[in-house]
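I am attaching a structure below and will ask some questions about it afterwards.
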Amino acid sequence: MNDNDETTQYLTFRLGDELFGVDVNKAREVLDFSEVTHVPQMPDYMLGVINLRGSVVPVINLRRKFGMTDRAQTIDTCIIVIEVHIEGEILVIGTLADAVEEVLDLKESQIEPPPRLGTKLNTEFIKGMGNIDDQFLIILDIDRVFTVEELAVMETPAHEVMVD
């Protein structure tokens, strides 16, 4: 084993049967699912906004963003509040998840590059694939999941939207 094999912590969550991970340093907190205020004329993957201690936070349905079918909400449905860094700016967004699993420590040697073919996802925002107990963990590069244009759409209404 390489002595320089760095360990990174990933917050793991489920979308259907798929297990995803995001660098724990990007995750601010996990919230129980609460009512989301719909914002007109937003893309279908944007559920709306929530009030997070006085800040307006857009909430994204990652299932829709990734082309997956919607699923009924359960007691495990939650919102993961994450920081997205794009063009030198930090945008805080909420992402809807079917369930949060755990925080995992993975060494770089446990992560393989994303596959080039045979995946349902556009691999440019997949940082890598981990193998956890014979199940693949899709590690997201959360800063590359959304385009600059998509994030601009989310930012625009923030100062205009009033949330109770």
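The values are calculated or read from the model by the stated rules, or taken from the named source; none is laboratory data. None of the values given here were measured: they were computed from a predicted structure. No Cβ is skipped: glycine too gets one built from the backbone with ideal geometry, and neighbour counts run over all protein chains shown.
Pick from the stretch 1-58 the residues that are among the aromatic types (Phe, Trp, Tyr) and part of a strand (DSSP E or B): which of them is nearest to Gly128 (Cα to Cα)?
Only one residue tops the list, namely Phe20.
Going by what's in this entry, would Phe33 be described as of a type in the set (Phe, Trp, Tyr) and under 16 Å from Asp23 (Cα atoms)? Outline the logic, then answer.
Values: of a type in the set (Phe, Trp, Tyr): yes; under 16 Å from Asp23 (Cα atoms): no.
No: the conditions fail for Phe33.
Would you please name the residue that is nearest to Ile80 (Cα to Cα), looking only at residues in the stretch 1-36 that are within 17 Å of the chain's Cα centre (by Cα), among the β-branched types (Val, Ile, Thr) and surrounded by fewer than 17 Cβ atoms within 10 Å (Cβ to Cβ)?
Val30
Can I ask one more? Just for strands (runs of 3 or more DSSP E) wholly inside the stretch 59-140: which have at least 1 residues that are among the charged types (D, E, K, R) and either surrounded by 19 or more Cβ atoms within 10 Å (Cβ to Cβ) or out of contact with any Cys (no Cβ under 6 Å at 6 or more places or on another chain) (or both)?
78-86, 89-97, 99-107, 126-132
Out of (1) crowded, with 20+ Cβ neighbours inside 10 Å; (2) at pLDDT 90 or above; (3) not polar (S, T, N, Q), the odd one out for Val39 is which?
(2)
Inspect all residues belonging to the stretch 51-60 and state whether any of them is under 22 Å from Glu18 (Cβ atoms) and hydrophobic (A, V, I, L, M, F, W, C).
Yes, that holds for at least one residue.
Six or more apart or on different chains, Cβ under 7 Å: which pairs go from a residue in the stretch 50-77 that's over 12 Å from Arg14 (Cα atoms) to one that's hydrophobic (A, V, I, L, M, F, W, C) and assigned to a helix (DSSP H, G or I)? Could you list them?
Val56/Ala158; Pro58/Met154
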